[in-house]
1. Mind checking the angle between helix 88-97 and the chain's longest principal axis? C-alpha axes, 0 to 90 degrees, to the nearest 10.
2. Using Cα pairs closer than 8 Å and at least 6 residues apart in sequence, work out the relative contact order for the chain, in percent.
3. Could you order peptides 103-110, 215-222 by the average number of other Cβ atoms within 10 Å of their residues, highest first?
4. Can you give the local net charge around A157? Use residues other than it whose beta-carbon is closer than 15 angstrom to its beta-carbon, Lys and Arg +1, Asp and Glu -1.
5. Hey, any idea what Rg/Rh is for the range 200-303, computing Rh the Kirkwood way over Cα pairs?
6. Whose amide H sits under 5 Å from the amide H of H73, counting only residues 5 or more places off or on another chain, with H placed in the peptide plane?
7. Kindly give Rg over Rh for the range 9-103, based on alpha-carbon atoms, with the Kirkwood expression for the hydrodynamic radius.
8. Compute the helix-to-body angle for 231-242: its Cα long axis versus the longest principal axis of the chain, expressed 0 to 90° and rounded to tens.
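The values are calculated or read from the model by the stated rules, or taken from the named source; none is laboratory data. What you see is a predicted model, and the numbers here were worked out from it, not measured in a lab. Please note: Cβ atoms are built from the backbone with ideal geometry, for glycine as well, and neighbour counts cover all protein chains shown. Each accessible area value is taken on the protein alone, full model and side chains, heavy atoms only, with ligands, DNA and RNA left out. Shrake-Rupley method; radii C 1.70, N 1.55, O 1.52, S 1.80 Å.
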Amino acid sequence: MDVLAEALRVSGARGALGVVLKAGGSWGLWLDPSPAAALHVVSRGSMWLHVPGGRPLEMQAGDAVLLSPGTAHGIAGGAGTVLGPCDRKATDQALTDGSALHLGSAPAETEVLVLRYEQDPEVSTPVLTSLARPMHVTSRENAQLSRTVELLTAELAQPQIGTTAAVNSIVDLLLIQFVRVWLARHPEEPSGSWLGAMRDPVVRDALACVHARPEHPWTTESLAAATAVSRTTLSRHFRSALGQTPGAYVTQWRMDLASVRLRDTDEPVESISGAVGYASPHAFSRAFRRARGMPPGEYRSRFRA
C-alpha cells in the first residue's frame, strides 16, 4: 500500500488557480496572506522571493518554492526591489482567458508560474504540514520538475474543458515531487511529523494496513499483530512519530474518508458507515458527531445546501 499516494488521493489539491507572469526590468509584486498555499515555479530567467523576517532568496529557471497558507510574501526581479500591490483586475482577466500577467517596463526576461491551491478542507490527515516553509526545490534536486512545469504551463496558457481538473492533478504531482525532495533532505528524521513517520517501519507498516483496509475492525492489538510487534511497541512508536495513539489515527482517517463520501456522493449513510469500519450506522453517527460536531445527515445537508 502506497500510503502517501492514498493520502494525497483523498486530500489532494482543490480549486488550484494559476497565472503565467512575464516580467522584465525593475518589477516587484507583494502577495498578501491567503488561506491557500502558494506555489511559484520559475520557467525562464530568475526572480527573488521575499518573506518577512527572512533574507531574500534567489531562484533560477527550473526552481520552485512552496509556501504554507497564510504566508505573506513578495516576488521581484531583484533583492532590493520595491514591491507593489497585485493588480486584481489584470489577474482576474489572466485567470479567465489564460493570458499572461505582465510586470515591469522592459521586455520580459523572466517567466513565473504563480499558483494558489487548497487541500481538501474536510481532510485532517496532515500530509504536507511536515514540509519546511518556505520550501525551495531546485531542478537539480528533481529532474522531473521541468517536465511537470511544461504540462502546467500548457494548461494555464490555453484554458479549456477539464483544465481545472488537470491543473489540480498536476499540482498534486508537483506536491509529490516536493515530498520526495523533503524525504531525500531528511534521511535521518523518523518522527515528529506525518512524512517523518514514513521512515519508521513500524508506523509505516501500520498506516499501510489502515489505509488499505479502513473497514477492518482495527484495534491496537490487531494492528500490532499485523505488523509483528507488541502492543506496547506499536503505541510507543505512534506517540513518538505522530503524537497520537494508533486508535486515534484510525478514527481520524475514517472520519476523513467518511466526510469526503458524504459530501461528494449519494451513498446511503449505512453504506458509508460500513465502508469506514463501523458495525452499525448508530455507532458511526456517534463517532462522526464527536469528530465533526454534527451527525452525518446534517453534515451532508449543509454541504448540499
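1. 70
2. 19
3. 103-110, 215-222
4. -2
5. 1.02
6. The list, which skips near neighbours in sequence, is L31.
7. Reported Rg/Rh (Cα atoms, Kirkwood Rh): 0.95.
8. The answer is roughly 20 degrees.
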